Amino acid sequence: MRKFYIAPSILSADYANFETDMKRIEASGAEYVHIDIMDGHFVPNISFGAGVVASLRRHSQLVFDCHLMVSNPEDHLEEFARAGADIISIHVEATPHIHGALQRIRQMGMKASVVINPGTPVAAIEHVLGLVDQVLVMTVNPGFGGQAFLPETLDKIRQLADLRQAKGLDFDIEVDGGVDDQTIELAAQAGANVFVAGSYLFNGGLEEGMDKLRQVLTVND
Ligand code: DX5
Ligand code: ZN
């Protein structure tokens with residue numbers, strides 16, 4: 001059984017109070033923090049860049065799970081490595097050079113993670129699964145928090161878990177988008193073990209929300 005991780009997404013935090021929110025995330029017992037980087041090109045929205053990540057690093061020992069929703073992510077890997085990223089997720093849809101980019105992330109000493117959008121099949125990443133520490137299955141279309149979980153993505157989580165076993169590989173499966181106390185159970189049952197949650201935790205109540213999500217995961221452990 002793989003360990004479960006909940007990764008609060010600071011996309012839904014109060015950007016004027018990042019330091020306070022990082023402390024709250026740590027106090028809630030989370031081990032990961034999910035950091036969404038959006039360039040206004042690969043996705044319509046713009047969030048923040050490596051400078052913000054570097055500032056956050058000075059206030060936190062959490063695992064920085066950096067989700068790059070940017071075109072040509074291979075051009076930005078060094079700056080996020082320097083900023084203190086632990087895991088870098090890059091979209092297969094965002095670069096013609098996914099294989100080399102994933103290799104570089106590992107060479108720089110970080111964990112490599114490949115992401116597929118809801119419309120992208122597992123087959124698009126099958127040949128790089130041996131290069132990754134994590135696969136991120138988007139359970140909404142990327143760009144904005146607060147969207148509804150797309151249940152049709154569950155089948156891809158099952159396919160990935162099966163492929164991992166069939167090929168004897170070792171990677172975590174993360175889900176991102178629309179995760180709440182109902183959908184987390186569906187994703188866990190399909191085979192995911194890392195769960196990003198933004199609006200559910202920040203609009204509801206971080207501490208209570210974390211407890212509730214952990215409770216659901218304990219039942220499914
Ligand atoms: C969406 C981002 C998510 C976002 C999830 O493109 O990648 O990480 O913060 O937010 P919720 O949990 O509100 O769907
Ligand atoms: Zn994300």
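The values are calculated or read from the model by the stated rules, or taken from the named source; none is laboratory data. Predicted model only: the values in this text are computed from it and were never measured. Reconstructed Cβ throughout: ideal geometry from the backbone, glycine too, with neighbour counts over all protein chains shown. When the accessible area is computed, the model is the full protein with side chains, heavy atoms only, and any ligands, DNA or RNA have been set aside. Shrake-Rupley method; radii C 1.70, N 1.55, O 1.52, S 1.80 Å.
Restricting region 1-50 to residues that are hydroxyl-bearing (Ser, Thr, Tyr) and under 28 Å from Glu93 (Cβ atoms), the residue that is most open to solvent (accessible area, probe 1.4 Å) is Tyr15. Of all the numbered requirements in (1) closer than 22 Å to Phe18 by Cβ; (2) in contact (Cβ under 8 Å) with a residue 12 or more places away in the chain; (3) surrounded by fewer than 20 Cβ atoms within 10 Å (Cβ to Cβ); (4) within 16 Å of ligand 1 (Cβ to nearest atom), Gly204 misses one, and that requirement is (2).
May I ask you to list the residues in region 189-201 that are near ligand 1 (Cβ under 9 Å from one of its atoms) and open to solvent by less than 10 Å² (accessible area, probe 1.4 Å)? Quick ask: steps written out before the conclusion?
From region 189-201, those near ligand 1 (Cβ under 9 Å from one of its atoms) are 196-201; that's our starting set.
Val196, Ala197, Leu201, listed by residue number.
The number of residues in region 135-183 that are touching a residue at least 40 places away in the same chain (Cβ under 8 Å) and either in a helix (DSSP H, G or I) or within 11 Å of ligand 1 (Cβ to nearest atom) (or both) comes to 13.
With Gln134, Gln147 as the choices, which residue is out of contact with any Cys (no Cβ under 6 Å at 6 or more places or on another chain), open to solvent by less than 10 Å² (accessible area, probe 1.4 Å) and closer than 18 Å to Ser9 by Cβ? Talk me through it step by step, then tell me what you get.
Numbers: Gln147 fails: open to solvent by less than 10 Å² (accessible area, probe 1.4 Å).
So the residue among Gln134, Gln147 that is out of contact with any Cys (no Cβ under 6 Å at 6 or more places or on another chain), open to solvent by less than 10 Å² (accessible area, probe 1.4 Å) and closer than 18 Å to Ser9 by Cβ is Gln134.
Annotation: of all residues in region 1-53 being of a type in the set (A, V, I, L, M), more than 19 Å from Glu208 (Cβ to Cβ) and assigned to a helix (DSSP H, G or I), the one that is nearest to ligand 2 (Cβ to nearest atom) is Leu11.
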